[in-house]
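Asker: If you scroll down you'll find the structure; I have some questions about it.
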Amino acid sequence: MAANYDYDEAPATYDDANRQELGYDPNFVPDSVKSFVVHLYRHIREKNVYEIHQMYEISFQKLSDRLFKDTPWPSVDAVAHYVDNDQVFCLLYREMWFRHLYARLSPTLKQRIDSWDNYCSLFQVVLHRVVNMQLPNQWLWDMVDEFVYQFQSFCQYRAKMKNKTEQEIALLRQFDQAWNVYGVLNYLQAFVEKSNIIQILEQEKEGIEQFTATDGYDYSGGSNVLKVLGYFSMVGLLRVHCLLGDYQTGLKCLLSIDINQQGVYTSVIGSHITTIYHYGFASLMMRRYVKAIREFNKMLLYIYKTKQYHQKSPQYEQILKKNEQMYALLAICLSLCPQTKLVEETVNSQLREKYGEKMARMQRYDDEAFAIYDELFSYACPKFITPSAPSFEEPLVNYNQDAYRLQLKLFLYEVKQQQLLSGVRTFLKVYSTISLGKLANYMEVDEPTLRTILFSYKHKTHAVDSDGKIISNADVDFYIDDDMIHVVESKPVKRFGDYFLRQIVKLEGVINDMDRIRLE
């Protein structure tokens, strides 16, 4: 039976209220915080994952909302003696401390550097010592997620050089290894290698391991920390490479995780969404449109069915934001590769509601269409980064938008190349066979130019997948025999499951409405 503590429910004491009036004192520890750290420390030592999860997900948020809305938590030095000055617990506490700081306030450069040092210390302990802990997957995911986020945030911050003070520039020079791109990649890669997670997932396919079946937890009394951090680091590596614009390497990092199956990555909603968002975006940029459409469709359908269960979650706003971004990316994919048969009716109706008019205009490939592609890409893309340090000898300029502008330019160049394909697709949909001369006449080009356009169509509607196989994105394909074009149109697959799903959702809505009605 789980014990109920009152540290997150207790009313604010006189001391708490007095402290808030006087301002932040890093050494003042309210009674509710003392109780919180003491109980959290005990549960971690006892490997009580359920209680750790409750305190981490619920109590920490409640205390933050009640006592630390716009101030940091008490310093680690102030709470250390309540937890026997335990080094690992203090590192975990600081990790939460910095995460709260980033979420509620604006970190200073020194705090950004201190957070990097704390991650280095924590990760060194996990990698090089025996860590006898079980932590909830949510916390371990948040660790990797926040590590990558703070790296991205630091790169964006450092790239805005124009208004930096002399003191900030001196600190950047002094701590030039803080949030170094190689350091970030090395830690994530070290977790993957040291945890042997790739071998574990391979052995699971052979029935030797039970990693996914147990959600990564170790029920024989061992630790899940290194293995699960290694697993989530593969997703972290995908995200970092997407931020750097290296989509092929990012997708390679995820090869060991079968995203067509349930996995540990689906056990945490934030991890599930981050994985599919970056996988889909990287696939879009690699012209693997069909894969991107399939994954966005599945994820958007999943969010549609489950988002009501996450309304009280701290991640709820992020879920809604990523949901909207994925609809924008799906609109782009379907405009470049019209494969609406791959999209469930529920998702399709939401998509038409949000972007139906814009998608119709995107098909025209005029200046207005390019402006819409620009708008949707800019809204939905990751916050690209330039990982290199600035040159302090040259005039200080802001270069935080450079990486984004480059990716946008490459994307719009790809869209421009698709312009002629739209016309070809329109004609191929009408005919089952047509001569080269006739089609050239319709398109108002000569035959050699038409052959070039058809070769371009073949090239642009095919891509190379992660295994090196050529995959087709075409809804309409063709082959040329002598001077005749023979059209092969893919047949739509009838889907009945979606109809029943919509009826079930409607029925649930009716039942909920009936439950709310109180009979007199």
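The values are calculated or read from the model by the stated rules, or taken from the named source; none is laboratory data. Note that the structure is a prediction, hence the values are computed from the model and not measured. Counting neighbours? That spans all protein chains shown, and the Cβs are built from the backbone with ideal geometry, glycine included. Just so you know, the surface numbers come from the protein's heavy atoms only, side chains and all, with ligands and any DNA or RNA stripped out. Shrake-Rupley method; radii C 1.70, N 1.55, O 1.52, S 1.80 Å.
Asker: Return the residues of region 33-73 that are of a type in the set (Ser, Thr, Tyr), in contact with a Phe, Trp or Tyr (Cβ under 7 Å, 6 or more places away or on another chain) and either assigned by the TED database to the domain that holds ARG112 or assigned to a helix (DSSP H, G or I) (or both); say none if nothing qualifies.
Answerer: The answer is SER35, TYR41, TYR56, SER59.
Asker: Could you list all residues from region 91-148 that are surrounded by fewer than 18 Cβ atoms within 10 Å (Cβ to Cβ) and closer than 24 Å to LEU244 by Cβ?
Answerer: TYR102, ASP117, CYS120, LEU127
Asker: In this structure, is ASN85 more than 27 Å from SER267 (Cα to Cα) and open to solvent by 10 Å² or more (accessible area, probe 1.4 Å)?
Answerer: yes
Asker: Here's a follow-up. Starting from region 50-78, take each residue that is under 22 Å from LEU140 (Cα atoms) and list its partners that are part of a helix (DSSP H, G or I) and among the charged types (D, E, K, R), counting only C-beta distances under 6 angstrom and pairs at least six apart or across chains.
Answerer: VAL76/ARG94
Asker: When you check LYS307 against the structure, is it open to solvent by 20 Å² or more (accessible area, probe 1.4 Å) and either within 16 Å of LEU188 (Cβ to Cβ) or hydroxyl-bearing (Ser, Thr, Tyr) (or both), yes or no?
Answerer: Here the answer is no, as LYS307 does not meet what is asked.
Asker: Look at GLU375 and say whether it is at pLDDT below 90 and either assigned to a helix (DSSP H, G or I) or loosely packed, with under 13 Cβ neighbours inside 10 Å (or both).
Answerer: no
Asker: On to the next question. Filtering region 243-284 down to residues that are open to solvent by 30 Å² or more (accessible area, probe 1.4 Å) and part of a loop (DSSP other than H, G, I, E, B), which residue is modelled with the highest pLDDT?
Answerer: ASP246
Asker: Got at least one residue in region 327-338 being in contact with a helix residue (DSSP H, G or I) (Cβ under 9 Å, 6 or more places away or on another chain), within 24 Å of ILE470 (Cβ to Cβ), among the aliphatic types (A, V, I, L, M) and open to solvent by 10 Å² or more (accessible area, probe 1.4 Å)?
Answerer: No, every residue in region 327-338 fails to be in contact with a helix residue (DSSP H, G or I) (Cβ under 9 Å, 6 or more places away or on another chain), within 24 Å of ILE470 (Cβ to Cβ), among the aliphatic types (A, V, I, L, M) and open to solvent by 10 Å² or more (accessible area, probe 1.4 Å).
Here's the yes/no breakdown for (1) at pLDDT below 95; (2) crowded, with 18+ Cβ neighbours inside 10 Å; (3) of a type outside the set (A, V, I, L, M):
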site	(1), (2), (3)
PHE28	yes, no, yes
PHE36	no, yes, yes
TRP73	no, yes, yes
VAL79	no, yes, no
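Asker: Give the residues of region 397-407 that are hydrophobic (A, V, I, L, M, F, W, C) and part of a loop (DSSP other than H, G, I, E, B), sorted by residue number.
Answerer: Residue satisfying the conditions is VAL397 alone.
Every residue, every condition in (1) touching a helix residue (DSSP H, G or I) at 6+ places or on another chain (Cβ under 6 Å); (2) assigned by the TED database to the domain that holds ARG288; (3) at pLDDT 80 or above; (4) not in a loop (DSSP other than H, G, I, E, B), yes or no:
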residue	(1), (2), (3), (4)
THR452	no, no, yes, yes
TYR457	yes, no, no, yes
ALA474	no, no, no, no
ASP477	no, no, no, yes
ILE485	no, no, yes, yes
ASP498	yes, no, no, yes
ILE504	no, no, yes, yes
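Asker: Return the pair list, or none, for Cβ contacts closer than 7 Å from residues in region 467-484 that are small (Gly, Ala, Ser) to residues that are modelled with pLDDT under 80, at least 6 apart or on different chains.
Answerer: SER472/THR461; SER472/HIS462; ALA474/THR461
Asker: Then there's this: Select from region 178-216 the residues that are open to solvent by less than 50 Å² (accessible area, probe 1.4 Å) and over 23 Å from the mean Cα position of the chain (by Cα) and list them in ascending order.
Answerer: ALA178, ILE200, GLU204, THR214
Asker: Follow-up question, since we're still on this one. Would you point out the residue of region 197-242, among those that are charged (D, E, K, R) and part of a loop (DSSP other than H, G, I, E, B), that is farthest from MET285 (Cα to Cα)?
Answerer: ASP218
Asker: If a residue counts only when it is closer than 26 Å to TYR24 by Cβ, free of Cβ contacts under 8 Å to residues at least 60 places away in the same chain and under 20 Å from the mean Cα position of the chain (by Cα), which helices (runs of 4 or more DSSP H) contained entirely in region 90-174 have at least 2 such residues?
Answerer: Fully inside region 90-174 and qualifying: 137-159.
Asker: Would you please name the residue that is nearest to TYR379 (Cα to Cα), looking only at residues in region 411-447 that are free of Cβ contacts under 8 Å to residues at least 12 places away in the same chain and open to solvent by less than 90 Å² (accessible area, probe 1.4 Å)?
Answerer: My answer is THR426.
Asker: GLU394 passes all but one of (1) charged (D, E, K, R); (2) outside any loop (DSSP other than H, G, I, E, B); (3) in the same structural domain as ASP176 (by the TED database); which number fails?
Answerer: For GLU394, the failing item is (2).
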